[in-house]
Amino acid sequence: MKISFVVLQYLNSSDTIECVESIINTMKKFKTEYDIVIVDNGSTNDAYQVVMKRFNNQYLNLHIIRSTNNLGFSRGNNLGFLYAKKNLLTDYIIMLNNDIILNDSFNPSLINDLYYEYNYSVLGPDIKTLEGKHQNPFLMEDWTKYKLLLLRFKLRIKKVLLFLRIDLPVKNKLKEEYNDQLIINAGLHGSFLIFSPLYIQLFDGLCDETFLFMEEDILKLQLKANGLISLYTPDISVLHKEDRSINQAINSKYKRKIAKYNYNIQSSYIYQKKLMDSKKGKK
C-alpha cells in the first residue's frame with residue numbers, strides 16, 4: 001500500500017510547511033509507504049523558494065513541482081494528482097489544502113480497510129475548523145437548473161450591495177454537530193479528499209473546468225453519473241485553518257467576497273452544463 005499526499009500552495013508557504021511537517025510526523029508511526037507532492041500554483045511571492053529551501057533534498061519521498069501560472073484549485077491539484085499517478089505508482093492519492101493539519105486519528109490501514117469493505121471512490125474525514133465547526137459531511141444542495149439560476153441571481157444582488165458597502169450575512173452550510181456515523185454517498189468537503197485505486201484508474205483528478213468553488217458539487221455529480229460511491233468516516237479527523245491563501249491573496253474583505261461571488265457564478269455555469277450532460281447520459 002502506498003499513499004501520495006498532494007498539497008496545493010499559493011503564496012502561503014508557512015501553512016505549507018506546517019501541513020507537510022504534520023504529514024511527516026504522523027506517518028512516522030506507520031510502515032506505510034508514502035510520498036508528498038507539493039504543487040506551487042504560480043505564487044507571485046517567494047513561497048516556492050521558501051518551501052524549496054525548507055524541504056528540497058531532505059526527503060527522498062518529497063517532490064516539489066511548480067506551475068508558472070495560477071491554474072486555480074482543480075487544475076493546480078490535478079498537476080500533483082497526475083504526477084503521483086504517472087510517476088509514483090501510488091494506490092491512494094490524498095488532496096489536501098495546505099492549511100490542513102493531520103493528527104493522531106489518521107490511520108492508513110483504515111483507509112485501505114474501508115476501500116475493500118465499501119469499494120468507495122472518494123473518502124472524506126471529519127474536518128474540523130479552528131472555530132470547532134464540522135465541514136463533513138458537507139451539506140450541499142442537489143442543484144437543479146432553477147436553483148442555479150436563483151443562486152446566480154442572489155450572488156449578483158450581493159455583489160451590487162457590496163459595492164454599496166452593504167454586507168449581507170452568508171448562510172452557514174456547515175454541520176453544527178459532529179456526525180459519528182459512516183455515511184455512504186455523502187457530500188465531501190474539498191479541503192481533504194482521499195481518492196481510491198478505483199478513482200485513480202478512471203480519472204486524472206478533478207473536473208478541470210472551474211477555477212475556484214463548486215468542485216465538491218461537480219465531483220458528487222460525476223460520481224453519481226458513473227455509479228461510484230463517496231464515503232464519509234468520522235474515525236479520521238483533521239484540522240482545517242480555512243481560507244488562508246485567498247485571504248493572503250486579496251487583502252480587502254469586500255474585494256475577497258466579490259471574487260468569491262464571481263468564481264461561484266462562473267462555476268455554477270459549468271455545473272449546469274455537467275448536469276445537463278448527465279441527464280443526456282454523457283459522462
Show that you can apply the helix-only estimate: for the chain, add -39,500 (n - 2.57) for every DSSP H stretch of four or more residues, divide by all residues, and state [θ] at 222 nm to the nearest 500. -13500 deg cm²/dmol
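Just to be sure I understand: if I project the alpha-carbon convex hull of segment 65-205 onto a plane and average over all orientations, what area do I get in nm²? Don't jump to the answer; show the numbers that get you there.
On the way: hull surface 46.6 nm².
Approximately 11.6 nm², given one-decimal rounding.
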Pick out, from Leu239, Leu11, Ile36, the residue whose Cα sits farthest towards the positive end of the charge dipole of the chain, with +1 on the Cβ of Lys and Arg and -1 on the Cβ of Asp and Glu. Leu11
If I model the chain as equal point scatterers sitting on the Cα atoms and use the Debye formula, what is log10 I(q)/I(0) at q = 0.09, 0.12, 0.13, 0.15 Å⁻¹? -0.42, -0.76, -0.90, -1.22
Quick check on packing: order 267-275, 3-11, 75-83 by the mean number of other C-beta atoms within 10 Å, highest mean leading. 3-11, 75-83, 267-275
Kyte-Doolittle mean at least 0.0 and Cα axial length at least 30 Å: DSSP H helices in the chain: none
I want the antiparallel fraction of DSSP beta bridges within segment 1-140, as a percent rounded to 5. 5 percent
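Using the structure shown, select from Lys220/Lys241; Lys128/Lys241; Lys220/Lys253 the pairs with a Cα to Cα distance greater than 20 angstrom.
Lys220/Lys241; Lys220/Lys253, as the Cα separations exceed 20 Å there.
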Give me the accessible area of Asp235, 1.4 Å probe, in Å² rounded to the nearest 10. 100 Å²
Order by protection proxy (mean Cβ within 10 Å, highest first), peptides 52-62, 207-217: 207-217, 52-62
Simple SL model, points at 7 angstrom along Cα→Cβ for Arg256 and Glu21; separation in nm is 2.4 nm
Alpha carbon centroid spacing (whole Å) that separates segment 38-111 from segment 209-242: 18 Å
Please work out the average accessible area per residue across segment 17-165, using the 1.4 Å probe convention, and give it in Å². 50 Å²
Arranged from highest to lowest average of other beta-carbon atoms within 10 Å per residue, in what order do the peptides 118-128, 219-229 appear? 118-128, 219-229
Quick one: dipole size for the chain, taken about the Cα centre, charges +1 on Lys/Arg Cβ and -1 on Asp/Glu Cβ, in debye to the nearest 20. 1460 debye
Looking at the chain, what % of its DSSP beta bridges pair antiparallel, to the nearest 5? 30 percent
Distance in nm between label sites at Ile184 and Thr44, each 7 Å beyond Cα in the beta-carbon direction? 4.8 nm
Does a label point 7 Å from the Cα of Asp142, set along Cα-to-beta-carbon, have any residues of segment 205-223 with amide nitrogen under 17 Å, and which are they? 217-223
Note to self: Kirkwood Rh of segment 14-124, Cα pairs, one decimal, Å, is 15.1 Å
Label-point separation in nm, Leu239 to Gln266, each point 7 Å along Cα→Cβ: 3.3 nm
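The values are calculated or read from the model by the stated rules, or taken from the named source; none is laboratory data. What you see is a predicted model; the values in this text were computed from it and never measured. Cβ: placed from backbone, ideal geometry, glycine included. Neighbour counts: every protein chain shown. Remember, those area values only see protein heavy atoms, side chains included, never the ligands or the DNA or RNA. Shrake-Rupley method; radii C 1.70, N 1.55, O 1.52, S 1.80 Å.
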